[in-house]
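The values are calculated or read from the model by the stated rules, or taken from the named source; none is laboratory data. None of the values given here were measured: they were computed from a predicted structure. Here Cβ is always computed from backbone atoms with ideal geometry, including for glycine, and neighbour counts include all displayed protein chains. All accessible areas refer to the heavy atoms of the entire protein, side chains included, with ligands and DNA or RNA removed. Shrake-Rupley method; radii C 1.70, N 1.55, O 1.52, S 1.80 Å.
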Amino acid sequence: MASAFPELVLGAQRPPPSIAVFWEPGFPSIQGFDITQEDITEWLGDGASRLLSEQQLIEQLNASRFDLLITPYGSAFPKRAWPQILKYLREGGNWLNLGGVPLSRPVVRTAGKWRAEAHQTTYHKLLGITHSFPVETTGITGYDAPKELKNSFKAQEIYELYVRLSSSKNEPGEDGSDGPHEGIVRPLMLGVNRDSRPIAAPIIQIDRLLADFAGGRWVFANYTGTLGVQALLVLAQTAARGASRFEVKSKFACYRPGEALSLSVQLTRPKGELEKRASKQCAVEVRDSNNRLVSPLTLTFDVKNTVATASAQFVDSIELPPGFYKVHARTTLDSVELTHASGFWIYEIEQLPSGKPLTVDKHFFYRDGKVFPVTGTTYMASDVHRRFLLDPNPLVWDNDFRAMKEAGVNMIRTGIWTGWRHYMTESGQMNDAMLRAFDAFLLTAHKYDIPVIFTFFAFLPHTWGGENAYLDPRSIKAQQQFISGFTKRCSRVDDVIWDFINEPSFGSYKYIWSCRPNYDEHERAAWKEWLRERYPAATDEEHVSRLQQLWRTTADDLLELPKIQDFESVNLIDERRPLKTLDFRLFAQDMFIRWVRQMTTAIKSNGNAKQLITVGQDENGLGDSPNPQFFAREIDFTSLHNWWNNDDLVWDSVLAKTPSKMSLMEETGVMF
């Protein structure tokens, strides 16, 4: 259990932390533990702990004076003290909330009595907690946690939190961008069902590493029930230590036989003082898939205030046979053991397993000659999500794929939603470490016999310096080169499916989600050529005259792209040409089809005709975006993401289905 919950192992203690406990007689406890003042005294003793009233909290609470704030009333908190609480947390203050959903029920004093306001997300949203949902405990058969937490623990209802830990974009110009890794959420206790699968986390820890709140550690006992004395002490000590992060990484997610393994270890504590608090050394072990120790090593940290680093090459790893390997690292901070684990593969690229191919007709997938009903999910990584190929941890993937397999998942969809410049430079140089991570991901999927749908782009194809995502020859060439960088590695892999682009629009990022002109020279030329082919005429004068009649206009700039106001104005008195915008939308459909054909050549160049091709489109494909009814004939099956229009989930799936091609629901659900 120490490896699962490393920071709950008690070691030699530093001087007692200074703790502020909010306490007011008669203050309502909502979804909490019904704690009394005697409980607080028994739990924390006298020491450096102080009970603070609402007014004292406003006057005294700050991060330099108190190592920890405890709010013991569940979802309830003193509204008047909110500005000071927020200031304290932004200073990197540590926080332990006992019960309920933190900061969801503001409480005010009126006429000498405490009154709770309505449940709301207003306050905790500012901390990155967007909302919560209750989990009944009837399906929980046991709890996975250190014994100090399980003693006297009882949960009547658990409240799971949606946490958003990025406040900015890594790629400001991209709608699919991820953000900086500003924090880490860890479960300190897991509720498991009869199949031993985790279904709830009644106690969690959030370490804030960057930006607002950096250095603070928040521990939430987010349930209604009881908590023992020993558990409260452990949670208080854990929270008071502040945020930290300990990681071991392999240079590559895949190595070729004969290459030396290269590892790095990093310990981060935003509040610094690592020279005084951290061990000088770190133990590292490499184990094979049977958990046999194949290489131990002790590393010495180079410590610089907030960061301690170490690295090494394992020369003896040159003799390791192909397979999957785990890396375990261990050190101490404040005399508490920290552990982290990663993994890597050793393999020859020619040894990528082929897998069982999928075939398709107009209604179903088939595998092994049988109908293959899909129960799948979109998956990247449970630790870094969209950065899974840039910051890979194959051990996380291995654990996740095992869990998905046990849960009945038989297909996953993944890919690249952002940051294409990190995957291939404008000169066409592919990122070798990323491609090795891609190989490791497929190896892991094959280990559990789960086919992969891999997506290359999202919303608009990356241009690599070109002017138009679909029409600039420079962009087309780069996109084909990018796609080929992946597909050629998979010439022997039969069960990978290629998805060109997630939810494509046509136009530019300025008008993303809408079909609007980009107004570049490549688009102007393609538009004029398309008009000549669609409306042929003997002379240019006859061509213009015909367009004037079709579009009901007297304007003399007919061959130019439609103006933005032609799409947006709905006033009858305006000089507006909606029939011209209709033609532009048809032009956009044809140009997308042309682009799909161009990208298909990049995939087919790997020589494997068993690999299927699709495009994952959302409901807007039935409106302003590329429509599967137009491009279906260019791909093997269509895919729909019906989750924005809550009232139209079934209707959208019906409209997107073409007579000749199967339709896969790649994303579905209720938007909130």
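Considering ARG277, ARG287, which residue is open to solvent by less than 70 Å² (accessible area, probe 1.4 Å), closer than 30 Å to GLN351 by Cβ and among the basic types (Lys, Arg)?
After applying the criteria, what remains is ARG287.
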Name the single residue that is most open to solvent (accessible area, probe 1.4 Å) among those in region 440-479 being of a type in the set (Lys, Arg) and more than 22 Å from VAL374 (Cβ to Cβ). LYS477
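Where in region 209-264 are there strands (runs of 3 or more DSSP E), lying wholly inside it, with at least 2 residues that are over 17 Å from ASN393 (Cα atoms) and among the small types (Gly, Ala, Ser)?
Per the criteria, no element qualifies.
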Against the definition (touching a Cys at 6+ places or on another chain (Cβ under 9 Å) and either farther than 21 Å from LEU471 by Cα or aliphatic (A, V, I, L, M) (or both)), how does ASN646 come out, yes or no? no
Only one of (1) more than 30 Å from GLU275 (Cα to Cα); (2) part of a loop (DSSP other than H, G, I, E, B) is not met by ASP383, so which one is it? (1)
What number goes with the only condition from (1) open to solvent by less than 70 Å² (accessible area, probe 1.4 Å); (2) in contact (Cβ under 8 Å) with a residue 12 or more places away in the chain; (3) not polar (S, T, N, Q) that VAL670 does not pass? (1)
Just need a number here: residues in region 622-667 that are of a type in the set (Phe, Trp, Tyr), more than 27 Å from the chain's Cα centre (by Cα), surrounded by fewer than 18 Cβ atoms within 10 Å (Cβ to Cβ) and within 22 Å of ALA588 (Cβ to Cβ). 1
If we scan region 216-226, do we find a residue that is surrounded by fewer than 22 Cβ atoms within 10 Å (Cβ to Cβ) and more than 27 Å from the chain's Cα centre (by Cα)? yes
Among the residues of region 265-274, which ones are open to solvent by less than 50 Å² (accessible area, probe 1.4 Å), within 14 Å of THR331 (Cα to Cα) and either not in a strand (DSSP E or B) or not hydrophobic (A, V, I, L, M, F, W, C) (or both)? THR268, ARG269, LEU274
Just name the residue that is most open to solvent (accessible area, probe 1.4 Å) out of those in region 238-248 that are touching a Leu at 6+ places or on another chain (Cβ under 7 Å) and of a type outside the set (Phe, Trp, Tyr). ARG245
Mind listing just one residue for me: the one in region 377-400 that is of a type outside the set (Asp, Glu), surrounded by fewer than 21 Cβ atoms within 10 Å (Cβ to Cβ) and in contact (Cβ under 8 Å) with a residue 60 or more places away in the chain and, of those, farthest from VAL185 (Cα to Cα)? THR378
Being under 29 Å from LEU209 (Cα atoms), open to solvent by 10 Å² or more (accessible area, probe 1.4 Å), at pLDDT below 95 and not basic (Lys, Arg): is that true of LEU86 here? no
May I ask you to list the residues in region 511-547 that are more than 21 Å from PRO578 (Cβ to Cβ) and either in contact with a Phe, Trp or Tyr (Cβ under 6 Å, 6 or more places away or on another chain) or of a type outside the set (Gly, Ala, Ser) (or both)? ILE512, ASP520, GLU521, HIS522, GLU529, ARG532, GLU533, PRO536, THR539, ASP540, GLU541, GLU542
Among (1) within 20 Å of the chain's Cα centre (by Cα); (2) surrounded by fewer than 18 Cβ atoms within 10 Å (Cβ to Cβ); (3) at pLDDT 95 or above, ALA437 falls short only on (2)
Meets criteria (at pLDDT 95 or above, part of a loop (DSSP other than H, G, I, E, B) and out of contact with any Lys or Arg (no Cβ under 9 Å at 6 or more places or on another chain)) for PRO25: no
Hey, does region 520-527 have a residue that's at pLDDT 95 or above, aromatic (Phe, Trp, Tyr) and either crowded, with 23+ Cβ neighbours inside 10 Å or at positive phi (or both)? no
Only one of ASP494, ASP499 is open to solvent by less than 10 Å² (accessible area, probe 1.4 Å) and either polar (S, T, N, Q) or under 44 Å from the mean Cα position of the chain (by Cα) (or both); which? ASP499
When every residue in region 197-215 that is open to solvent by 40 Å² or more (accessible area, probe 1.4 Å) and not acidic (Asp, Glu) is compared, the one farthest from LYS87 (Cα to Cα) is ARG197
Give me the residue from region 597-607 that is in a loop (DSSP other than H, G, I, E, B) and polar (S, T, N, Q) and, out of that set, surrounded by the fewest Cβ atoms within 10 Å (Cβ to Cβ). SER605
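Per-residue answers, yes or no, for (1) surrounded by fewer than 14 Cβ atoms within 10 Å (Cβ to Cβ); (2) over 30 Å from GLN480 (Cβ atoms); (3) in contact with a helix residue (DSSP H, G or I) (Cβ under 6 Å, 6 or more places away or on another chain); (4) free of Cβ contacts under 8 Å to residues at least 60 places away in the same chain:
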residue	(1), (2), (3), (4)
ASP540	yes, yes, no, yes
HIS543	no, yes, no, yes
ASP556	yes, yes, no, yes
LYS580	no, yes, yes, yes
PHE584	no, no, no, no
TRP595	no, no, no, no
GLN611	no, no, no, no
Single condition LYS79 does not satisfy, out of (1) open to solvent by less than 40 Å² (accessible area, probe 1.4 Å); (2) modelled with pLDDT of 90 or more: (1)
Unmet requirement for ILE158, which otherwise passes all of (1) buried (at least 21 other Cβ atoms within 10 Å of the Cβ); (2) in a loop (DSSP other than H, G, I, E, B); (3) touching a Pro at 6+ places or on another chain (Cβ under 8 Å): (2)
Which ones in region 369-390 are at pLDDT below 95 and over 27 Å from the mean Cα position of the chain (by Cα)? GLY369
If we only count strands (runs of 3 or more DSSP E) wholly inside region 323-372, which ones have 1 or more residues that are without any contact (Cβ under 8 Å) to a residue 24 or more places away in the chain? 365-367
Kindly evaluate LEU232 against the criterion of being without any contact (Cβ under 8 Å) to a residue 60 or more places away in the chain, of a type outside the set (D, E, K, R), out of contact with any His (no Cβ under 6 Å at 6 or more places or on another chain) and open to solvent by less than 40 Å² (accessible area, probe 1.4 Å). no
